[in-house]
Amino acid sequence: MRRTFLEALLCTLAVLTDLPGAAAQEQEREILVQGERIVTEAEAHQAEHPAASVPLRFIFYPFHLVNSGMESGLVSFEKHNMRERLNYYTEYLRQRGVGVMIGGLGEGTGIGLGGSYTIKTGGRSDLRFLGRASFLRWYEEVDVRWTNPVGKAQFVLEGSYQWRPQENFYGFGMESQLTDHTKFALRQTWTGARGEIAPHRRLRFGGEYKLAWLYSTNSPNTQYASPDVVFAGLPGFGQNVHLQSLGFYADADGLKGEYELGGLLHAGASLQDGIGDSTLKYFSYEGQMEGRLPIARQRSALVFQGALEFTRPRGGSGAIPFYLYPHIGGESTLRGYNLDRFYGQNIFLVTLEYRYKIHPDFQALIFFDEGQVFGRTTDLSWLNWQRNYGFGFKVMSSGSTVMRMDFGWSSEGYTYHISWGDRVHGALGGPIRYGTYRR
Amino acid sequence: MIRSGANQPSSDNAKPRGLLALILLVCVAATAARPSSAGSPIVVRPPLRVDHDRRPIALPKATDVSELYAILYNSWFRPLNLEYHVVSASDRGSLNANAWDAVPDSSWFTNRIGIRPMSFEDALAGLQGKSPEPGPWKIVRVRDEGYTPKLDIRDSSGNGYVLKFDLPGTPERNSAAERICTLIMHAAGYNVPYNTIVYFRARDLELDKDSYYRDTLKRRRPMTPADLESLLKRLKARPDGSYRGMASLMLPGKVLGPFVYTGRRKDDPNDIIPHELRRELRGMRVIASWINHADVKDINAMDLFVQGDYVKHYMLDFGSTMGSGDFIHGPYRVGHEYIYDGAATLRSLVSLGFYRRPWEVEGKIVYPEVGYYQAQLFDPVRWKPNYPNLAFLRMDDSDAYWGAKIVTAYTDQMVRRLAEAGDYSRPEVTRHLEGAMISRRDAIGDYWLDRITPLEEFTLVRSRSGLELRFRDLALERGYAEAESRSYRVQATDTEGKELAAVTVTRTDRQVVGLPSAALQKPGIEQPDRFGRSPSQRILIQSNRRDGGWALPVEVVLGYTGGSSSPEILGWYHAPK
């Protein structure tokens, strides 16, 4: 928009003489351009999408597509208060004794779903029914438990059925070969009673009696050989095993916080005794400990964990079924090895881990695990360990672990584990391979 | 340009990683390799004080946004998008700066304290609306959301308000922050609702005949006296039995949902400028850093279709400003780190957890009424909102200077009155807040008005010694530079970047520099632009910095308009690219 000669003259005069008319002229200039936009649509478009970004726009089209899908989904999620609804209905169901579970039945069992129903049976006692199954690998579990707390003690009656179709077996001992990887299926049914007393909130003593019916057979996963094909005469394979067990245990839990000085101890012993025609009779002993030493205040800690499991057959005992031997390997024991990589009569396991906070919701860790399986105590070697090292990350929420990712390296290569909840090395739990999921 | 400076705001832009970084470098080579300021063609921004974006349009569609998406996308996914890095590298500055390096008035922003002195009374008078009339307030609706319930009420004159409350554990905190920051944001130039602190007794609240209660599942049912009683039980009464609340006057117009800090509203033909390229949003980072408005996010913004049939853009919800935003990993994180801060997390990861954030050690809350709002650990460059905001990330030196110009315009007297507007019961709390606000304001002035040559309102004056360039030096006027040592370095070039005269250095506190006559010889002038202006020369002026160097320059463009034969000032721009 051009200005008239008079306007230009006035403006020049005003500027050169610093007359007060300069401001008026500016105003006048504005009037001339009234209705104008500060930028044209074309200029704005060019600034928003510069030429250099055009090829990338095509390359990243799938990214945009996923992104806009995520946006629409989350907008809808929030618009309909889905989070609040989820919390509301979860609480609604919980108050009515119904629980919903998402997750597997332990390491290597795949993702699953489950539900529980709890009935109040008077006082503080309740009766819980639980059922769950995992997809793809088809693990199944049904569990019934009656709990009756009395003061500082509680009495529990429980029974469980589990179908675990894809368990690993590589043979016995440290010399077992990775190439001898076999899979078997295990059906275990047990029932029992347990009594516990907690004289202090950090101290607990208990005893339990169980009856178990166990059976191992071929795995439906035909990609792997059956154990009886690779390991001839494997005790317990294809046989029904019926036994009873009596055990005692003690727990002392002195853990305070993730990065605080503390420790825990667990010790247990049990006697397994075959029933019916079985001549099986052996003792199991176990011990676990953990110590945490803070390094950087409230941000890191050095964690030491150790575990021992001994199996001692009594004179005249029949052969112990192979799957009842202690085993190590996997996310809760040796993280650089496959799940249940080593079976043996006895195990010794040590872990050193440095955990540190990288964000209120995330923890990083560097670990070193070593363990060995051995026949007799005199076979325990201070040199012949299976070792691995690695690192991992945890997603934390309100001080507890939501999810973990561990990457471990060992002489057999590397492996990674993605799992839910805290890393817990399950206690023996009597004559059964797995209690109600504790691993 | 901020992204290449040594002291630059931390930004995701500066963190391309690995292979992505390599590809990125190749992709941006063409756009990033731009000529230096002295050699680039002169572009004078439009001489508009008003951006006419209030033309009548058809009613746009209401939209929704997701906060979860905004956190996830901005914290995690956007940095993975190569296109974003290329576009960022191509950024040539805010699109809506005018010839005088200011933001024109628009449906987004109205210049107030940034262009003229304002008293507290001016700010108060300018805020549209009024407090609810005393007398019974009819409760229309209860929204049981957030940390405390919110009531929609109607006063005796029929005006609607949203009544919000402080958390029981931190009385006065959120309501004071909201009141103070509403006034600050209004004086700065943003559209804000009328928010005021109110006191009432239980008997002042009455149920409307149609009042209803909407729970978290959005289920609606008539409200009962028992609901009201249970609601009041969740609030902390004052010693005299009254309650304190924050009343927010309902905004006029049809609600269209929040605006986002990136892109445009596609169904608003007036909204042609991408939001991340709007100076009032980019430069708001500096204002937000002053008041610790870390909760700047899409859902705290609002578009309204108002009388005149256009979309007006509002800023809402200042209840988490100052030290009030302590809900996620807070309170000490707020302002120092994003909720998910990649750089800080990486530092912790690499240092094996030994990296200790300064605020983890030194952060402390002096008064619960104020929360964690302090000046000791405040860094105007490294201040961060709760999660990355694209407009803030795109802030460059020009935008930061614009923001700092506004922040430093709040005088000590004004700040005192603002702190008093929080209506704290304890005078020492008011004094503490006032001190923190002044210290933070000065930290902003000390940094940005030192880094960028803070000259404004240039005029060309003929004197006995020749032509002079007069200006206002904001650093001198506001006490961020010493008068005795104030110096300016002046360089004159033609449109091609060729020096017209030797560089001169003038030591003066008179806020004027002389122009060499050679600089004003009429060279070959450019073709006039759409406003009839033909740039001919540019004068680059740099002020001295405290560390002995020179600040980023302000470029004053001289030229001719119409058929004039004498040069005049066509405009100026701070820290030109």
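Quick notes on this one:
- Here the condition is being among the hydroxyl-bearing types (S, T, Y), in the same structural domain as A:L265 (by TED's automatic domain parsing) and without any contact (Cβ under 8 Å) to a residue 24 or more places away in the chain; of A:S381, A:S332, A:S300, it holds for A:S381 alone.
- On inspection, A:L349 passes the criterion of being under 24 Å from A:G236 (Cβ atoms), touching a Gly at 6+ places or on another chain (Cβ under 9 Å) and modelled with pLDDT of 90 or more.
- Selected residue (criterion: modelled with the lowest pLDDT) from residues of the stretch B:106-159 that are basic (K, R) and assigned by TED's automatic domain parsing to the domain that holds B:N174: B:R143
- The set of residues from the stretch B:124-172 being under 19 Å from B:D317 (Cβ atoms), hydrophobic (A, V, I, L, M, F, W, C) and not in a strand (DSSP E or B) comprises B:L127, B:L167.
- The test for being assigned to a loop (DSSP other than H, G, I, E, B), touching a strand residue (DSSP E or B) at 6+ places or on another chain (Cβ under 8 Å), under 30 Å from B:A419 (Cα atoms) and in the same structural domain as B:G126 (by TED's automatic domain parsing) holds for B:P193.
- Residues of the stretch B:411-425 include at least one that is outside any helix (DSSP H, G or I), under 21 Å from the mean Cα position of the chain (by Cα), of a type outside the set (D, E) and more than 19 Å from B:N195 (Cα to Cα).
Listed here are the residues, each with its yes/no results for (1) hydrophobic (A, V, I, L, M, F, W, C); (2) within 30 Å of B:I444 (Cα to Cα); (3) modelled with pLDDT of 50 or more; (4) touching a Lys or Arg at 6+ places or on another chain (Cβ under 7 Å).
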position: B:R17; (1), (2), (3), (4): no, no, no, no
position: B:A30; (1), (2), (3), (4): yes, no, no, no
position: B:S36; (1), (2), (3), (4): no, yes, no, no
position: B:R49; (1), (2), (3), (4): no, yes, yes, no
position: B:H85; (1), (2), (3), (4): no, yes, yes, no
position: B:S94; (1), (2), (3), (4): no, yes, yes, yes
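- The stretch A:105-138, subset touching an Asp or Glu at 6+ places or on another chain (Cβ under 8 Å) and in a loop (DSSP other than H, G, I, E, B), residue nearest to A:Q95 (Cα to Cα): A:L105
- Any chance B:Y355 is within 14 Å of chain A (Cβ to nearest Cβ), among the hydroxyl-bearing types (S, T, Y) and surrounded by fewer than 19 Cβ atoms within 10 Å (Cβ to Cβ): yes
- Remark: pairs (first residue in the stretch B:63-75, touching a residue at least 60 places away in the same chain (Cβ under 8 Å); second residue surrounded by 18 or more Cβ atoms within 10 Å (Cβ to Cβ) and part of a helix (DSSP H, G or I); Cβ separation under 6 Å; 6+ apart in sequence or on different chains) = B:V65/B:D298; B:A70/B:D298.
- Lone qualifier among B:L256, B:L281 - being among the aliphatic types (A, V, I, L, M) and touching a Lys or Arg at 6+ places or on another chain (Cβ under 8 Å): B:L256
- Per this entry, B:N386 is not counted among residues that are free of Cβ contacts under 8 Å to residues at least 60 places away in the same chain and either in the same structural domain as B:P171 (by TED's automatic domain parsing) or polar (S, T, N, Q) (or both).
- Test result for B:P168, more than 27 Å from the chain's Cα centre (by Cα) and either modelled with pLDDT of 95 or more or surrounded by fewer than 16 Cβ atoms within 10 Å (Cβ to Cβ) (or both): yes
Per-residue answers, yes or no, for (1) in contact (Cβ under 8 Å) with a residue 12 or more places away in the chain; (2) outside the structural domain of A:R341 (by TED's automatic domain parsing); (3) surrounded by fewer than 13 Cβ atoms within 10 Å (Cβ to Cβ):
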| residue | (1), (2), (3) |
| --- | --- |
| A:G97 | yes, yes, no |
| A:M101 | yes, yes, no |
| A:G106 | yes, yes, no |
| A:L113 | yes, yes, no |
| A:D126 | yes, yes, no |
| A:A133 | yes, yes, no |
| A:F155 | yes, no, no |
| A:Q166 | yes, no, no |
| A:T179 | no, no, yes |
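- Filtered by the rule that a residue be closer than 14 Å to B:L540 by Cα, surrounded by fewer than 20 Cβ atoms within 10 Å (Cβ to Cβ) and small (G, A, S), the stretch B:454-505 gives B:S487, B:G497, B:A501, B:A502.
- Criterion violated by B:L277 - all others in (1) at pLDDT 95 or above; (2) closer than 30 Å to B:E420 by Cβ satisfied: (2)
- Residue that is of a type outside the set (S, T, Y) and more than 29 Å from B:S425 (Cα to Cα), where the choices are B:L235, B:L217, B:L205, B:L228: B:L217
- B:P274 under 24 Å from the mean Cα position of the chain (by Cα) and assigned by TED's automatic domain parsing to the domain that holds B:L418: yes
- Residues of the stretch A:308-324 satisfying the condition of being surrounded by fewer than 23 Cβ atoms within 10 Å (Cβ to Cβ) and among the hydroxyl-bearing types (S, T, Y): A:T311, A:S317
- Note on the stretch B:256-273: residues that are facing another protein chain (nearest Cβ under 9 Å) and charged (D, E, K, R) amount to 1.
- The residues of the stretch B:324-356 that are in contact (Cβ under 8 Å) with a residue 24 or more places away in the chain and farther than 23 Å from B:R431 by Cβ, listed by number, are B:F327, B:I328, B:G330, B:R333, B:H336, B:E337, B:Y338, B:I339, B:Y340, B:D341, B:G342, B:A343.
- Which numbered condition A:D143 misses (of (1) assigned by TED's automatic domain parsing to the domain that holds A:S270; (2) modelled with pLDDT under 95; (3) in a strand (DSSP E or B)): (1)
- Candidate set from the stretch A:57-75 (those that are under 30 Å from the mean Cα position of the chain (by Cα) and more than 7 Å from chain B (Cβ to nearest Cβ)); member that is modelled with the lowest pLDDT: A:V66
The values are calculated or read from the model by the stated rules, or taken from the named source; none is laboratory data. Please read all numbers here as calculations on a predicted model, not as lab measurements. Reconstructed Cβ throughout: ideal geometry from the backbone, glycine too, with neighbour counts over all protein chains shown.
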